[in-house]
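**Student:** Handing you this structure, nothing more for now.
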Amino acid sequence: MNENREQDAVHIDRIVLREIHLPLAEPFRTATGVVEQRRIVLLEITDVDGLSAWSECVAEAVPAYSPETVDGAWRTLSEWIIPIAIGKIFPHPRLLHFALQDSLRGNHMARAAVEMGSWAIAAQRANESLAAYLAHASTLEGAPRESVETGIAVGMQSSTDALIDRVRAAQADGYQRIKLKISPGYDVEIVREVRNAVGESAPLSVDANGSYSLDTPADIVTLKALDAFDLVMIEQPLARDDLVGHAQLQRMMKTSLCLDESVLDDSSVDDIIALGSGHIVNVKAGRVGGFTEALAIHDRCARADIPVWCGGMLECGIGRAYNVALASLPNFSLPGDLSPSARYWERDVITSPWTMDSHGRVRVPLDRPGIGVEVDTAFIDELTVREASFERS
């Protein structure tokens, strides 16, 4: 890990907030609801020397996955976060993280939107790709990978046949891991049918988004029955705050449990490790408050021999750039939710949409300083439904 250098300093001059409405290529259904278009808060952050970076807040429109929402994040950014971040000199992006952490409770997604953008500006100042800049900030040795393996999350479908068709198409496209969304009543038989259709070697996992409970005997039977299908993992079967229950369930099962919503920060990972609540961790920088916390989680899990992977929050091409950079670090050893732009969007907000090769790999843009993508500002202008600008006094 490099000590703070002059080029690491962040001195934000201006932040512009925009809310856009971006249509999905098709509805995406999970245990928490159906999404047909995303309300997305974007930030354009400019420093005193004119360096600029776009970032994305991953909060959703309704408080289903997380207590944070688009409207709540907008207000929190406007009234509290931006006034802390703008106009002050932070010798390193991580010090902006600590300033926000000390001043605000929760609001991880809103904080991350500014904090991650500051890392992108610092990477530009250092004339490094964001991936390389993150690798230098990690306590682990090693350069970022040139490409990362990609998995796909397949939403709930109207029929088993439709789901199998989607899974087979994902296999043909080269995805290295296929995740099925499940919920009570849409679980064991669905997974059984998919497993039978695609064979024993297909890398399948399931994601429950916390929709089961050990207080319900039928849920215990269901979850234990999933052991029969040789899954890579069962992601977040229980509520986000039930680390003890996850530890109890993990002891009942041979399949690795993966924690997602439960992973709020580095200290929650310490609890997961101490309790044995799971064998895999899903890291979403936008959910844990930004890169400072995501790096700490990545490094902590590596020391405990716990593999991590990079989850997605239906980000547009801007947010995906941050995820790809993070996923290039060495302990991200499982395929992440890094699908190409066309998987989710009719049209993405970057000029060259993200793509995936036939081996299920996404290239890490190591040859460009910062996030490595060019934003389609004209298209963002078309999509913008509200805007607010903040400048240092």
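**Student:** Just to confirm the number: angle between the C-alpha axis of helix 266-275 and the first principal axis of the chain, 0 to 90 degrees, nearest 10?
**Tutor:** With rounding to tens, the tilt is 20 degrees.
**Student:** Calculate the tail of P(r) for the chain: the fraction of all Cα-Cα distances greater than 25 Å, expressed in %.
**Tutor:** 53 percent
**Student:** Which of ASP367, ASP230, ASP337 moves the most in a Gaussian network model of the chain with Cα springs under 10 Å?
**Tutor:** The residue that fluctuates most here is ASP367.
**Student:** Only Lys, Arg, Asp and Glu count, each charged at its Cβ (+1, +1, -1, -1), so figure out the dipole size of region 140-272 about its Cα centre, rounded to 20 debye.
**Tutor:** Working: 12 positive and 24 negative charges, 106 e Å.
For this selection, approximately 520 debye.
**Student:** Provide MET116, MET233, MET313 in ascending order of the number of other Cβ atoms located within 10 Å of each residue's Cβ, fewest first.
**Tutor:** Ascending number of Cβ neighbours within 10 Å: MET313, MET233, MET116.
**Student:** Using a 10 Å cut-off around each Cβ, can you sort ASP305, ASP13 from fewest to most neighbouring Cβ atoms? The partial results should precede the final answer.
**Tutor:** Values: ASP305 9, ASP13 17.
Listed from fewest to most nearby Cβ atoms, that is ASP305, ASP13.
**Student:** Then there is this: Once each part is reduced to its C-alpha centroid, what is the distance from region 47-110 to region 127-204 in angstrom?
**Tutor:** Using only Cα atoms to place each centre, the spacing works out to 29 Å.
**Student:** Taking just the C-alpha trace of region 11-93, give me its Rg and Dmax in Å.
**Tutor:** Spelled out, the Cα radius of gyration and Dmax of region 11-93 are 15.1, 45 Å.
**Student:** Is it possible to state the helix-based mean residue ellipticity at 222 nm for the chain, with each DSSP H run of 4+ residues giving -39500 (n - 2.57), the sum divided by total residues, to the nearest 500 deg cm²/dmol? What is it?
**Tutor:** Mean residue ellipticity at 222 nm (helix-derived): -10500 deg cm²/dmol.
**Student:** Right, another one. I need the shape label for region 135-363. Rule: rounded when a/c is under 1.5, else prolate if a/b > b/c, else oblate, with a, b, c from the alpha carbon gyration tensor.
**Tutor:** It is oblate, given that a/c is not under 1.5 and a/b is not larger than b/c.
**Student:** Now for a different question. Select from region 61-111 those trypsin sites (Lys or Arg not before Pro) which occupy a DSSP coil region and have at most 10 other Cβ atoms within 10 Å, ordered by residue number.
**Tutor:** Hits after loop and neighbour filter: ARG105.
**Student:** Moving to a separate point now. Which listed residue (PRO330, PRO340, SER393) has the Cα farthest towards the positive end of the charge dipole for the chain, taking +1 on Lys and Arg C-beta and -1 on Asp and Glu C-beta about the Cα centre?
**Tutor:** Farthest along the dipole direction, towards plus: PRO330.
**Student:** Next question, about the same structure. Does anyone have the angle between helix 108-125 and the longest principal axis of the chain? Alpha-carbon axes, 0 to 90°, nearest 10?
**Tutor:** Compared with the principal axis, the helix lies near 60 degrees.
**Student:** Within 10 Å of each residue's Cβ, count the other Cβ atoms and sort VAL232, VAL188 from fewest upward.
**Tutor:** VAL188, VAL232
**Student:** Something else: For a 20 Å ceiling on Cα separation, which of these pairs sit above it: LYS181/LYS224; LYS179/LYS284; LYS254/LYS284? Intermediate values should be presented prior to the final figure.
**Tutor:** On the way: LYS181/LYS224 17 Å; LYS179/LYS284 16 Å; LYS254/LYS284 25 Å.
With Cα atoms farther than 20 Å apart: LYS254/LYS284.
**Student:** Report the percentage of all Cα-Cα pairs in region 195-243 whose separation exceeds 14 Å, rounded to a whole percent.
**Tutor:** 54 percent
**Student:** Counting other Cβ atoms within 10 Å, keep those with at most 11, restrict to DSSP loop, and tell me which GluC sites (Glu not before Pro) in region 125-233 are left.
**Tutor:** Numbers: sites: GLU128, GLU141, GLU146, GLU149, GLU189, GLU193, GLU200; in loops: GLU128, GLU141, GLU146, GLU200.
Hits after loop and neighbour filter: GLU141, GLU200.
**Student:** Any chance you could give the angle, 0 to 90 degrees and rounded to 10, that helix 243-252 forms with the longest Cα principal axis of the chain?
**Tutor:** Once rounded, the angle reads 40 degrees.
All of the numbers you see were taken from the coordinates with simple rules; none came from a lab. In this text, all values refer to a predicted model and were calculated from it rather than measured experimentally. Please note: Cβ atoms are built from the backbone with ideal geometry, for glycine as well, and neighbour counts cover all protein chains shown.
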